[in-house]
Amino acid sequence: MEAPMFLENECALLRDTFGLQQILLQSEEERMEKPTLDFTSEAAAPKPTKIVGKMKVQVHKVKTTVDPPTGCSMTSLSLSAPRAKLKTIQNQLSNFQSILSSRWQALNNIRVAPHLPNSSFSHKSLAYMHAGTRYVKQAYGLLKVGVRSSHKNSSSYEVIQETYVCMLRLKSSAEENNIRIQPGSGETHIFFPDSLADDLIVEVQDSKGKHLGHVLVQVATIVEDATDKLQWWSIYREPEHEPVGKLQLCINYLTSSDDNSHHKCGSVAETVAYDLVLEVAMKVQQFQQRNLQLYGSWKWLLTEFASYYGVSDVYTKLRYLSYVMDVATPTADCLGLVHELLMPVAMKGHNKRALSHQENRILGETKDQIKQILSLVFENYKSLDESSFSGIMDVFEPATGLVAPALEPAIKLYMLLHDVLSPEAQTNLCHYFQAAARKRSRRHLAETDEFVTTNNEPNFMETVAMSIAYQKMTCLCRNIKNEILTDIEIHNQHILPTLTKSVSIYIYSTELCNRLRAFLLACPPPGPSPPMVELVIETADFHRDLASWNISHVKGGVDAKELFHLYIMIWIQDKQQSLLESCKLETAISDVEKAIVEALNKQYVDVVSPLKEILTPKKFGLKYMQKLTKQSVCSYTVPDELGMLLNSMKRLLDVLRPKIETQFKSWGSCIPEGGNTAPGEHLSEVTVMLRTKFRGYLQAVVEKLAKNTKLQNSTKLKKILQDSQETMGESDIRGRMQMLKELLRSTINHLHTVFETQVFIAICRWYWDRMAQDVLGFLENRKENRSWYKVSQIAVSILDDTFTSQMQQLVGNALPAKDLEPPRSILEVRSMLGKDAYY
C-alpha cells in the first residue's frame, strides 16, 4: 500500500526529492559528458562511493637494533645507503609528503550535505579522486625503493630472543579497539579501513608491557601493490622518531570483488546509499528537534531498501540514532527513542567483534553524544520542561515536587550503557547529581549574595532593611527544603538509585548551613524581632524535618542549636540586664540571700558532707562499701554547727523572707494600676532553693538518727517485734522496748540543745514518723497473721508516749497542739490494726 505513491507520474516524487527531475539513472561517464552544476551549488552532491576492502594481517617477526643507525627518519630508506642518495630520497619524500597531505585533505573535505543534489559529481570532485590515486602511486614508488634497499642491508639488526607483543588498530578507530597479537603466533585479524587515507598502527611492547616503538602502515601503499604481502616495516620511537628495529607483517588486502563473502552490514557503497535515502526521508518529513519519528511510506521505503541491499538492522538503527543525537534534547520522547534504537545494538554490541568496524565507529561516536545528553539531563533534572523547545526551562524556578518525565528514560539509558553495580558507574552517576545539586543550590544562594558580600561597605545595615534580609534567608531555607522534598519524592517513586539520595541532601544541607553562618556574621541579629524569630523557627523545622525523613545527621549540615545558640544566649543576657535595671532592689536581695546560703554551706561543709551521702547516694563501689561499713559501727551525733546552719536557714525562710515580701507589697502599692505588685520570679527561685535544701538536710538528719537505733539488737525495733511472742504480757513487751525508749529520749534531749524550737519540733515529728515506718514495714509482710497485732499495737503506743511526753517536757506550753497529733505513718499503722487489735 505504501509503494504506489513513489511510482506515480513516472516516479515524480522520487525524482523531485532526490533532485533528479531530468535524469534518474545514468552512468558516471554519461553524467560527466553533460555540463552540470558545480559541487558547491546549493544542493549538495551524494557522498563518493568508497572502495570497499578488508585487510588480513599477521605479525611474523620482530628485530631490534644492535647498532642503531643515525640520520634516517623514513620507514622505507636503507640504513646503509650512501649519504648523497639518502639526502636526495629524503628531499623527494619531504616534498611529496607535503603535496600528498594537502591533496588528501582536499579529497577528504568532499562531504555529503543533508540536502539532495540537482546534479551528479562535478568535474572538480572527480578530479580530486583521480589526483589522489596518482599521488598514492607516486608515494608508493618512492617508498618501495627504500623498502627494497633496506632489505639488501640488514646487517645492523638481529633477532632478539625476547617475547614481544603487538597492539594493532586502525587510525580511524579508538585506542580501546586495539587488537593484541603475539609475533609468530600465526594469528590473523581482519581490519576494515574507512578509506585509502586510513593507516594501520602497530605498537610494539616487550614482555613487561614497556613501549618499544610503533609502525605506521598506510592503507594506500598496501592497495597499490597487493602482490607483495610479506614486508619488513621500520619501528620508530617517538618523539625523536628514532628507528629502533623492524617488524615483519603479512598483509593481504581484499576488495569486495576479490572476496565473494559480503560484509556483514553490506558494502560501504550500499550504506552510503542508505544514508542518502535516510537523509531524504528526514527532509521530507521535516525531521528536527521534537519531531524525530519517521512514519508512513518513507519509513516503509527505508525498511525495504535496507532489506533489498543487505544493510544490517544494526546499521540502520545506528545511522538513524546518529541523526537523532545531532538534534537530541533532554526530553522524554527523545530519550525514549534513543533507548529504543540503542537497545538491540547494545545487546549485540557487548562483543565488539559482533559489529562491523563501521558500526563500531558509529556506535563509539554516538555513545559520546549520549553521554553528553545524559549529563545535561542529570545535571538539570529539576529544570527539565517538556513544553520547552530545548527541553530545559528558560527561567530558573524553585523545585515543585514533580518528577520530570525525561528522568526515568534517562536512567534506563544510563543503565543500558553502564553496569550500575560497578563502583565506577555509581561514582559517575553520583557526580552528575552532585553537580546538579551544586548548580541548584548556587542559584538559590544567589538571592542572598548581597548580604554576605557587601557587608564591609559603610552603613550597610542602614542601606539594607534588616527585615527584608531575614525574610529572604527564611525563603532560602524553604526553597532548599523543597529541593530535598523533591529528591525524596523522586526516590519514593524508585526512579533513581538509592545511592544518589544522600548525595544531594548533603550538599544542600552543608551549603545552607555555610550561608546561614556567613549571614549571621555579616548581619548579626540585634534581638528577637519577628523576622529573626521566623528564621530561627524555619531553621529548626528544617533540622527537625531531616530527622523525620530518616536522614542521618549530616556532618557540617544545618544544626539550628549550633547556629543560633550564641545569639539566643546574648539576647537572654541582654534581657536579663534590662530587667535587672528595672528591679535592682529585688535582684540585690535575692543575690544576698543566695550568697548567705553559699557562705553557710562553705562554713559548715564538714558537718553537711555526711548528710550529702544520704541525699545523693553513690554507686556501691568497693571503697564506698568499706567506708559505709566503717561508719555503720559508729553512732551519729548531731553537731552544734549543723544546728547553727539549719537555724539560720529557718530564720531566713520564716523571719526575713516575710519581712522582705511585706516591704515589697508596700512598695507595690505605689505602682500604677495594672502593675505587678507580687515579688519577682528571681526572688521566688531563691526561696524554693532554700526550702529544698532545708528539707533535704532535715531528712538526712532523721535517716542518720534512725540508723543509730539499728546498731544494736536491743534497740532495733523490727528485731524486738519479731522476737516477741503472742503469749507475752504487756509488761514483758514494754521491758524489751525499754532500751529503745531510753535511746529515743536521749536523742530528743540532744536535739533540743542543738536546734531552736521550730527546727526541733520539725525534726522530732519527722523522727517519730520514721520510727513508725519500721512498724508499718513489719506489718506489711504479716497482714494475715494477727498474732503480731498485739505486739505492734504496744510498740506504737510506746513510740507515741515517748515523743509526745519528751516534746511537752522540753518545749512546754509553747508546743502547739497540732504538733502533738500523730504523724502520717502512725495513722497508717493504726488503720491497719483497726478494730481487730488486742490492745
Q. How many angstrom lie between the C-alpha centres of region 472-502 and region 767-833?
A. 70
Q: Using only protein heavy atoms and a 1.4 Å probe, report how much of Val811 is accessible, in Å² to the nearest 10.
A: 30
Q. Excluding Val607 itself, what net charge comes from residues whose Cβ is under 10 Å from its Cβ, given Lys and Arg +1 and Asp and Glu -1?
A. -3
Q. Going by a ≥ b ≥ c, the root eigenvalues of the Cα gyration tensor, does region 696-834 fall in the rounded group (a/c under 1.5), the prolate group (a/b larger than b/c) or the oblate group?
A. prolate
Q | Binned Cα-Cα distance frequencies in region 438-558 - 10 Å width, integer % | A | 12, 43, 30, 12, 3, 0
**Q.** Farthest positive-ward along region 428-581 dipole, Cα basis, beta-carbon charges - from Ala437, Leu476, Cys523
**A.** Ala437
Q: Extending each Cα 7 Å along its Cβ direction at Gln289 and Asp591, get the distance between those two points in nm, one decimal.
A: 7.4
Q. By the gyration tensor of its Cα atoms, with a ≥ b ≥ c the square roots of the eigenvalues, what is the shape of region 510-553: rounded for a/c under 1.5, prolate for a/b over b/c, or oblate?
A. oblate
Q: State the percentage of accessible surface on region 465-522 attributable to carbon and sulfur atoms; use a 1.4 Å probe and exclude ligands, DNA and RNA.
A: 55
Q. What is the spin-label model distance, in nm, from Ala425 to Asn514 if the labels are put 7 Å beyond Cα along the C-beta direction?
A. 3.2
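Which order do Thr188, Thr804, Thr329 take by accessible area at a 1.4 Å probe, largest first? Show your work: numbers first, answer last.
Details: Thr188 70, Thr804 30, Thr329 5 Å².
Solvent-accessible surface, decreasing: Thr188, Thr804, Thr329.
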**Q.** Solvent-accessible area of Arg440 with every protein chain in place, 1.4 Å probe, in Å² to the nearest 10
**A.** 10
Q. Can you give me the Cα centroid spacing of region 364-405 and region 282-308 in angstrom?
A. 26
Q) Going from most exposed to least, what order do Val655, Val796 have by accessible area with a 1.4 Å probe? A) Val655, Val796
**Q.** Where only C-alpha atoms are counted, convex hull volume of region 165-254 per residue in Å³
**A.** 107
Q: Using a 1.4 Å probe over the heavy atoms of the protein chains, calculate the carbon and sulfur portion of the accessible area of region 268-417 as a whole percent.
A: 53
Q. So what is the accessible area of region 268-417 per residue, in Å², with the probe set to 1.4 Å?
A. 44
Q. By the gyration tensor of its Cα atoms, with a ≥ b ≥ c the square roots of the eigenvalues, what is the shape of region 270-399: rounded for a/c under 1.5, prolate for a/b over b/c, or oblate?
A. oblate
Q.
Could you check the spin-label model distance between Leu13 and Glu447? Points 7 Å from the Cα along Cα→Cβ, value in nm.
A. 5.5
Q: Positive end of the charge dipole of region 165-254 (Lys, Arg +1 and Asp, Glu -1 on Cβ, about the Cα centre): tell me which of Val217, Ser185, Pro243 has its Cα farthest that way.
A: Ser185
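The values are calculated or read from the model by the stated rules, or taken from the named source; none is laboratory data. Just so you know, these numbers come straight off a predicted model, no measurement behind them. As a convention, Cβ positions derive from the backbone with ideal geometry for all residues, glycine included, and neighbour counts pool all protein chains shown. Only protein heavy atoms, including side chains, enter the accessible area calculation; ligands, DNA and RNA are left aside. Shrake-Rupley method; radii C 1.70, N 1.55, O 1.52, S 1.80 Å.
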